[in-house]
Amino acid sequence: MPSTERWSCLVTGGGGFLGQRIVRMLLEEEKQLEEIRVLDKVFSPQLLLEFSELKHKTKVIVMEGDILDEQFLHKACQGITAVIHAASIIDTGLWLRREAVMNVNLKGTQLLLEASISASVPVFLYTSTIEVAGPNSYRKTILNGREGDLLESKWHNAYPYSKKLAEKAVLAVDGQLLRNGAIMHTCSLRPTYIYGEESIFLQYEMTKALNNDKTIKRRREGSMANPVYVGNVAWAHILALRALRDSEKAQSIGGQFYYISDDTPPKSYSDFNYELSKEWGFKLGSKVGIPLTLLYWAAFLLEMISLVLYPIFIYEPPLNRHLLTLTNSVFTLSYKKAKKDLGYEPRFSWLEAKQKTSQWIGTLVTQQREYLKTKAS
């Protein structure tokens, strides 16, 4: 059974889209939690104000610092019971930010693991991504993929590659004997595409559409993904953390990864964005004119050109094969294993998630309207 003793938790990436929701849910759900250390490189002024004004029995300590700063990480881990490592750089490019992505996502994870082991932290939960599993080909259909299918990304683009290597490093240390005699237990969560209020990627797509007469660029006909609401991903972290802190459950889930999705209807990314925004007058663009196969080979050619030019200067292609495959495939994943092992059920229904996200999109529409009024005057 989970310990009833007071405990403490370090959350990296705690100022981010997902991380801040994990922090809030920990405060709401974990009554025995004595202290949360919220680590990130940058916090918004609004979030710093929110954390400073929290009236809660759990102590919240904001730690601004670099995931690559070894001394800072060792300090952050001292006296901590559990680590949730949600910090990462998400990037869909090829070269421009490759070094930064590899450093933060892979080296940062390795340094945090070392600091956790040095401080005898017995629980380490890693926020991974389905991109470590694929998709590898827009021609191959994966419906309700499961952990036992052993899907693995072939891409060497910085984001999926760094996350795949980092996840392997985390899972490899499960069962390690710590200096205080405790056993370290680790596991990894692989959420599908995360949406919700304040999503940077959703905001980018909506802003782009707003600047194009509210028209959303249409993706390949028949492509399909199963997005997951950010609140449900945060809830999955709480449940996984509880399981890892349970000495009996930790034996069975330690060293494993779990796909995290919910009951959001599977759709193409463009159809999904339209579903969330249509009440605000958004519309889908016309069918894609250029065949995807032609785009794919054009991307391949651009990648080869960028590779040849790389020793001289960095040329970032406007599109790459990984991004084309990611956004134009049939690739959905099941959360049945998380349900069985972690007791995971979505905390928020599709209707609730859609309503919350759509209301937020409405604020983006209002903001642009006000901006245009100001500009006109």
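Being part of a helix (DSSP H, G or I), under 15 Å from LEU171 (Cα atoms) and among the hydrophobic types (A, V, I, L, M, F, W, C) is the filter here, so list the residues in segment 110-155 that pass it.
Of all residues in segment 110-155, those part of a helix (DSSP H, G or I) come to 110-118, 130-132, 147-149.
Those still in the list that are under 15 Å from LEU171 (Cα atoms) too: 110-114, 116-117, 132, 147.
Within segment 110-155, LEU111, LEU112, LEU113, ILE117, VAL132 meet the criteria.
Considering only residues that are among the hydroxyl-bearing types (Ser, Thr, Tyr) and either touching a His at 6+ places or on another chain (Cβ under 7 Å) or farther than 15 Å from TYR269 by Cα (or both), look in segment 318-341 and name the one that is surrounded by the fewest Cβ atoms within 10 Å (Cβ to Cβ). Lay out the reasoning, then the answer.
Taking segment 318-341 and keeping what is among the hydroxyl-bearing types (Ser, Thr, Tyr), we get 325, 327, 329, 332, 334-335.
From what is left, the residues that are either touching a His at 6+ places or on another chain (Cβ under 7 Å) or farther than 15 Å from TYR269 by Cα (or both) are 334-335.
Details: SER334: 16, TYR335: 25.
Among them, the one singled out is SER334.
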Original post:
Pick from segment 205-233 the residues that are out of contact with any Asp or Glu (no Cβ under 8 Å at 6 or more places or on another chain) and in a helix (DSSP H, G or I): which of them is nearest to GLY285 (Cα to Cα)?
Top reply: ALA209
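One line per residue, one yes/no per condition, for (1) surrounded by 23 or more Cβ atoms within 10 Å (Cβ to Cβ); (2) under 22 Å from LEU333 (Cβ atoms); (3) touching a helix residue (DSSP H, G or I) at 6+ places or on another chain (Cβ under 8 Å); (4) of a type in the set (Val, Ile, Thr):
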| position | (1), (2), (3), (4) |
| --- | --- |
| ILE90 | no, yes, yes, yes |
| GLY93 | no, no, yes, no |
| LEU112 | yes, no, yes, no |
| VAL123 | yes, no, yes, yes |
| ALA133 | yes, yes, no, no |
| TYR138 | no, yes, yes, no |
Subject >> Selected residue (criterion: modelled with the lowest pLDDT) from residues of segment 246-263 that are over 12 Å from LEU342 (Cβ atoms) and assigned to a helix (DSSP H, G or I) >> reply: SER247
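Would you say TYR274 is touching a strand residue (DSSP E or B) at 6+ places or on another chain (Cβ under 7 Å), part of a helix (DSSP H, G or I) and not β-branched (Val, Ile, Thr)?
On the way: touching a strand residue (DSSP E or B) at 6+ places or on another chain (Cβ under 7 Å): yes; part of a helix (DSSP H, G or I): yes; not β-branched (Val, Ile, Thr): yes.
The answer is yes for TYR274.
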Subject >> Members of segment 294-312 that are part of a loop (DSSP other than H, G, I, E, B) and either touching a residue at least 40 places away in the same chain (Cβ under 8 Å) or surrounded by 15 or more Cβ atoms within 10 Å (Cβ to Cβ) (or both) >> reply: TYR310
**OP:** Restricting attention to segment 18-71, report how many residues are touching a residue at least 40 places away in the same chain (Cβ under 8 Å) and farther than 28 Å from VAL228 by Cα.
**Re:** 2
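Look through segment 277-293, keep the residues that are aliphatic (A, V, I, L, M) and either in a loop (DSSP other than H, G, I, E, B) or touching a helix residue (DSSP H, G or I) at 6+ places or on another chain (Cβ under 6 Å) (or both), and return whichever of them is surrounded by the fewest Cβ atoms within 10 Å (Cβ to Cβ). Outline the logic, then answer.
Going through segment 277-293, the residues aliphatic (A, V, I, L, M) turn out to be 284, 288, 290, 292.
Checking the rest, the ones that are also either in a loop (DSSP other than H, G, I, E, B) or touching a helix residue (DSSP H, G or I) at 6+ places or on another chain (Cβ under 6 Å) (or both) come to 284, 288, 290.
Numbers: LEU284: 17, VAL288: 15, ILE290: 8.
Taking the candidates together, the pick is ILE290.
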Subject >> Number of the exception - VAL121 against (1) under 28 Å from LEU178 (Cβ atoms); (2) in contact with a Leu (Cβ under 7 Å, 6 or more places away or on another chain) >> reply: (2)
Subject >> Some residue of segment 172-187 being among the hydrophobic types (A, V, I, L, M, F, W, C), over 29 Å from LYS75 (Cα atoms) and part of a strand (DSSP E or B) >> reply: no
Original post:
Is there a residue in segment 354-368 that is more than 20 Å from ILE216 (Cβ to Cβ), in a helix (DSSP H, G or I) and free of Cβ contacts under 8 Å to residues at least 12 places away in the same chain?
Top reply: no
Original post:
Only one residue in TYR344, TYR315 is in a loop (DSSP other than H, G, I, E, B) and crowded, with 18+ Cβ neighbours inside 10 Å. Which one?
Top reply: TYR344
**OP:** Among the residues of segment 287-315, write down those that are under 29 Å from the mean Cα position of the chain (by Cα) and of a type in the set (D, E, K, R).
**Re:** GLU303
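The values are calculated or read from the model by the stated rules, or taken from the named source; none is laboratory data. Computed from a predicted model, the values in this text were never measured in an experiment. Cβ sites come from the backbone with ideal geometry, for glycine too, and all protein chains shown count toward neighbours.
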